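Visitor: Sharing a structure with you now.
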Amino acid sequence: MKICVTGGAGFIGSNFVYYVLNHHADDEVVCLDALTYAGNLSTLQEALKNPKFRFVKGDITDRKGVFDLFEKEKFDIVVNFAAESHVDRSIENPALFLNTNVMGVQNLLDASRAYGVKRYHQVSTDEVYGDLPLDRPDLLFEETNPIRTSSPYSASKAAADLLTLAYHRTYGMNVTLSRCSNNYGPYHFPEKLIPLVITRALANKSVPVYGEGLNVRDWLFVEDHCSAIDLIIRQAKSGEVYNIGGNNERTNIEIVKTVLKLLGKPESLIEHVTDRKGHDLRYAINASKIKRDLGWVPNTTFEQGIKATVDWYLTHENWWQEIISGEYVNYFNKMYGALNK
Ligand code: NAD
Ligand code: TYD
């Protein structure tokens, strides 16, 4: 099987590259990634030693580049992780999100159709369902829920979902879609909550919590997300949509306190800052469909996963120090300029 992994130099895509190379030794993996601020070739350093893996620098919004690559490579499967992925950045610059997350997906779908890709998988997010109220723990996101987005990021992802399903219905394309909750684990870019807290706290700097920190997310260890996608692309029926989640709801403040405790850092580092615009209250996934159809359940408990994640950041300081000393400094100052320390 020859698999194209777009966005494979980012957080989840890179974990997926390693997952496939480790679990399917016969598969060939080609990573297509534009190496935006979120992509990092050093993340793929070990994969690059594997003769079954190749890296191609390219942008999914470059239609000709995508078509040329697909014509040459004749992929069996395409798994699209490439996206602008940070809600806060989408609030600052929606246009970039529409271009990459919608127009880029159109190019991938068209090229997949033109060059006989047998399965196109679109990696999506639970954020397409909007949010759930904090006082209704009985409510969970179901695959059949209506699309009801809040941020330019989630709206762009929802558009890509609909386009993918339209190509299935209209052209009979073989596609699948997965909508996952918040991931955490190795190679997570330190603009997102968990790695932001780890890297700031290690430097004894304050950690920004939006509002009261009572918003809820359903956290899943990244390797469990990878195992779910791997099952879907090999076993799921065309046209299916699957929710993926950890059944692990936590408030943000609980997450921050857990990480500080594991690092042996004081809670006095917490700084409550202005809330995100349009901040979704709660995400919670019902993942019973993927369990029923494909037998998938998460393997890692939150306690195991968060400990492994903190340990990874402690032992991979070179990886994140390089990131936070670059363009990231400007980003941080722009977004959090008013922070105390
Ligand atoms: P990320 O921001 O860490 O990585 C994105 C990768 O895509 C980077 O390597 C970047 O260089 C690449 N990329 C961006 N624009 C590109 C373009 N135009 N052409 C080619 N490559 C481009 O993102 P992530 O957290 O790994 O998320 C991966 C996917 O999973 C996204 O589609 C996201 O919507 C989805 N998702 C993420 C989460 C989460 O918790 N992080 C949860 C559910 C779904
Ligand atoms: P994030 O990691 O950006 O993921 P998402 O927006 O996709 O859920 O944020 C997770 C939660 O943490 C979200 O409710 C926003 C909150 N948050 C903070 O409180 N402070 C921060 O500095 C960041 C980046 C996020």
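What follows draws every value from the coordinates through simple rules; no lab data is involved. Predicted model, so just to flag it, every value in this text is computed and none were measured. Heads up, the Cβs are rebuilt from the backbone with ideal geometry, glycines too, and the neighbour counts pull from every protein chain shown.
Visitor: For the range 117-123, in order, what is each residue's ³J(HN,Hα) by Karplus, 6.51 cos²θ - 1.76 cosθ + 1.60 with θ = phi - 60°, in whole Hz (x at glycine and Pro)?
Guide: 5, 7, 8, 9, 10, 9, 8
Visitor: Would you mind checking which residues have amide H under 5 Å from V175's amide H? H placed 1.01 Å from N; only 5 or more apart, or other chain.
Guide: Y120, G239
Visitor: Of the listed peptides 140-147, 96-103, 17-24, what is their order by residue-averaged count of other C-beta atoms within 10 Å, with the highest listed first?
Guide: 96-103, 17-24, 140-147
Visitor: Of the peptides 284-295, 47-58, how do they stack up when ordered by the mean number of other Cβ atoms within 10 Å, highest first?
Guide: By packing density, highest mean first, the sequence is 284-295, 47-58.
Visitor: Of the listed peptides 222-229, 276-283, 238-245, what is their order by residue-averaged count of other C-beta atoms within 10 Å, with the highest listed first?
Guide: By packing density, highest mean first, the sequence is 222-229, 238-245, 276-283.
Visitor: Another question, if that's okay. Along each of the three principal axes of the Cα atoms of the range 123-239, give the extent in whole Å, ordering the values from largest to smallest.
Guide: 54, 31, 27
Visitor: Magnitude of the Cβ-charge dipole of the range 207-255, K/R +1 and D/E -1, about the Cα centre, nearest 20 debye?
Guide: Using only the charged Cβ atoms, the result is roughly 160 debye.
Visitor: What is the angle, in °, between the Cα long axis of helix 193-202 and the longest principal axis of the Cα atoms in the chain? Nearest 10 is fine, range 0 to 90.
Guide: Rounded to the nearest ten degrees, it is 50.
Visitor: In degrees, nearest 10, range 0 to 90: what is the angle between the Cα axis of helix 104-114 and the longest Cα principal axis of the chain?
Guide: 20
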